[in-house]
1. Just to be sure I understand the filter: pairs with C-beta atoms under 6 Å, separated by 6 or more residues or on different chains, first member in the stretch 90-107 and over 13 Å from ILE69 (Cα atoms), second member among the hydrophobic types (A, V, I, L, M, F, W, C) and assigned to a strand (DSSP E or B). Which pairs pass?
2. Since PRO138 meets every condition but one in (1) assigned to a loop (DSSP other than H, G, I, E, B); (2) touching a helix residue (DSSP H, G or I) at 6+ places or on another chain (Cβ under 9 Å); (3) surrounded by fewer than 17 Cβ atoms within 10 Å (Cβ to Cβ), which condition does it not meet?
3. For the stretch 108-135, enumerate the residues that are touching a Gly at 6+ places or on another chain (Cβ under 8 Å) and surrounded by 15 or more Cβ atoms within 10 Å (Cβ to Cβ).
4. In this structure, is ARG243 out of contact with any Cys (no Cβ under 6 Å at 6 or more places or on another chain), under 27 Å from SER31 (Cβ atoms), in a loop (DSSP other than H, G, I, E, B) and of a type in the set (D, E, K, R)?
5. Among the residues of the stretch 255-278, is any of a type in the set (D, E, K, R), within 17 Å of ILE166 (Cα to Cα) and in contact with a Cys (Cβ under 7 Å, 6 or more places away or on another chain)?
6. Evaluate the stretch 195-206: report whether one residue or more is surrounded by fewer than 21 Cβ atoms within 10 Å (Cβ to Cβ) and closer than 29 Å to TYR60 by Cβ.
7. Kindly list the number of the only condition in (1) farther than 23 Å from GLY296 by Cβ; (2) modelled with pLDDT of 90 or more; (3) of a type in the set (D, E, K, R) that fails for ARG256.
8. Could you check, for the stretch 234-241, whether at least one of its residues is under 27 Å from GLN134 (Cβ atoms), buried (at least 20 other Cβ atoms within 10 Å of the Cβ) and over 18 Å from the mean Cα position of the chain (by Cα)?
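The values are calculated or read from the model by the stated rules, or taken from the named source; none is laboratory data. The shown structure was predicted, so the numbers you read here are calculated from the model rather than taken from an experiment. Because the Cβ atoms are built from the backbone with ideal geometry, glycine has one as well, and the counts that use them run over all protein chains shown.
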Amino acid sequence: MDTSTEVPTVWNQLAETMYLRDSPTAEVSLSELASFSFGRFRSTEGLPEVARPIAGERGYIVALQLKAIPFIEQFLGKKKVSSGSYPIGGVSAIDLQDEPACLLPNPFDALVLYVTQNVLDEVAYDHQAPRVEQMAWPHGAFDPVVHHLGQALLLSLERPQHTAKIFLDHVLQALHCHFVCCYGGVTISAPQFRGGLSPWQMRRATELLEAHLDGNIALRQVAAACELSVSHFARAFKKTFRRPPYKWLTERRVDRARDLMTNSRLPLADIAIQCGFADQSALNRSFKRIHGLTPGIWRRSTSRGDLAKVQVIADLSLAASRYSE
């Protein structure tokens, strides 16, 4: 882990207590895009001894196993709470105030999230639900939701230049809601939510999003500009625009790319960068997903004047793929 970067103390302590700092066989990578709320911890060797508890920190550590663990023992204080193997997709939710420690003699690879009580409180408050008093999950039990959403977080660590900050916020918001319901034992009912964004909120939100076509803006920042909580803003935005903010933003990027292809001779690679895509491949994927054909084919068709014919074929292809899903 790059200790020259200022990160929350909990991550430095976790690396220290697990003997990973400066270890030639270990690698710790943290997500700067998500304000260091998650990271990946892996080692080609097991821990040399029992990992020590983290002192003076509050909140929860949620660990998703990316590789099966043949044997692990977990302790809360001096009490052993689990012993055995953990599968891929196995999850542990650990309260840092319980003085957690573990014996991990084998190589491991895990996605680790740091979840604060404030985050859980905000989700509960927005859904008019009781406060989460304690998060709990059977140690090492498989959780398909965390396993599935964790893949998006993992990909963002591997390819941060291809990940929009606002998309990560969306994934984390979904995970936090899951933790409140399934780990906190709190029932969240569908809120009685009728209205979308007001005209001034629509204007402010779209102005901010269009000013950050690359998605490098936090969902919380846009919500704050609209004087709403993150959860309330996300619901209101989707009701107003029939899609979540990150999808709306992707469509705006594609719209802008289409305008540039029509009105300029810029290479597609340059157009991709100007429209907030990481590269031309990212533009190709999003454009084809929305329009059913690649930017190159679309551009050549418009220049020849036979776009209508090509678009019919693309629309049929899109319809067939959606039907097969």
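1. ALA93/VAL62; ILE94/ILE61; ASP98/LEU76; PRO100/LEU76; PRO100/ILE94; ALA101/ALA51; ALA101/PHE75
2. (2)
3. Our first condition is that a residue be touching a Gly at 6+ places or on another chain (Cβ under 8 Å); within the stretch 108-135, this holds for 108, 111-112, 114-117, 120, 124, 132-135.
Correct list: PHE108, LEU111, VAL112, TYR114, VAL115, THR116, GLN117, LEU120, ALA124, VAL132, MET135.
4. It is true that ARG243 is out of contact with any Cys (no Cβ under 6 Å at 6 or more places or on another chain), under 27 Å from SER31 (Cβ atoms), in a loop (DSSP other than H, G, I, E, B) and of a type in the set (D, E, K, R).
5. Checked the stretch 255-278: no residue is of a type in the set (D, E, K, R), within 17 Å of ILE166 (Cα to Cα) and in contact with a Cys (Cβ under 7 Å, 6 or more places away or on another chain).
6. No.
7. Failing condition for ARG256: (1).
8. no
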